[in-house]
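In what follows, a structure is listed as structure tokens, so that the remarks can point back to it.
The values are calculated or read from the model by the stated rules, or taken from the named source; none is laboratory data. Here the structure is a predicted model, which is why all the values come from computation and not from measurement. Reconstructed Cβ throughout: ideal geometry from the backbone, glycine too, with neighbour counts over all protein chains shown. Side chains included, ligands, DNA and RNA excluded: accessible areas come from the protein's heavy atoms. Shrake-Rupley method; radii C 1.70, N 1.55, O 1.52, S 1.80 Å.
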Amino acid sequence: MTNYDLEEANLLRWQFGLSLLFIFTIVISLTLTYNELLKYEKKTPLYNENMEDDILKINRTLSVLIAIAFLVINIVDKDIKKKHNLDLKSADLQIDAGVLSLISTLIVLYVAFMGNGATSVENPED
């Protein structure tokens, strides 16, 4: 393995772990959405209001941290590619996408802390 391969493999390990964590946040978001559905159907919800709000805030904060970590990985990846004289176009696009993802997660986090109830739960992808 070349030095480049080792560096890329390390980044891929981090991406793998972050992707698993992201899947976990999606599952939590799905339970929050299901909780809202139960409330609309006048059934017993999984979480009370305070617990739902706390879970939502923690989950959204975790999503922001994941977005930051992916952005950092993309920046490190660009540096690795630059060091090995590789094309940087795809790395630049990945960084741009990471910045946009971070902006969207920050907006969703802001909405969660505003306390708008169901409005803050309706986006299970973030």
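Return the label of the correct value of percent of Cα pairs over 20 Å apart, as calculated from the structure shown, out of (1) 51; (2) 57; (3) 80. So the structure-derived entry is (1). The calculated FRET efficiency for Thr33 paired with Lys89, based on their beta-carbon distance and R0 = 41 Å, is about 0.65. Applying 1/(1 + (r/R0)^6) with r as the Cβ-Cβ distance of Leu11 and Asn48 and R0 = 41 angstrom yields a FRET efficiency of 0.50. With respect to the chain, whose longest principal axis is taken over its alpha-carbon atoms, helix 89-114 is tilted by about 20°. The residues of segment 57-107 expose, per residue, 58 Å² of accessible area to a 1.4 Å probe.
Here the gap between Ser104 and Tyr4, fully extended at 0.36 nm per residue and compared with their Cα-Cα distance, gives a gain of 32.8 nm.
Split the chain at each of the trypsin sites (Lys or Arg not before Pro) in a DSSP loop with at most 11 other beta carbon atoms within 10 Å, and the longest piece is 44-126.
As an exercise, identify the GluC sites (Glu not before Pro) in segment 16-60 lying in DSSP coil whose Cβ has no more than 11 other Cβ atoms within 10 Å. Taking segment 16-60 and a limit of 11 other Cβ atoms within 10 Å, the loop GluC sites (Glu not before Pro) found are Glu41.
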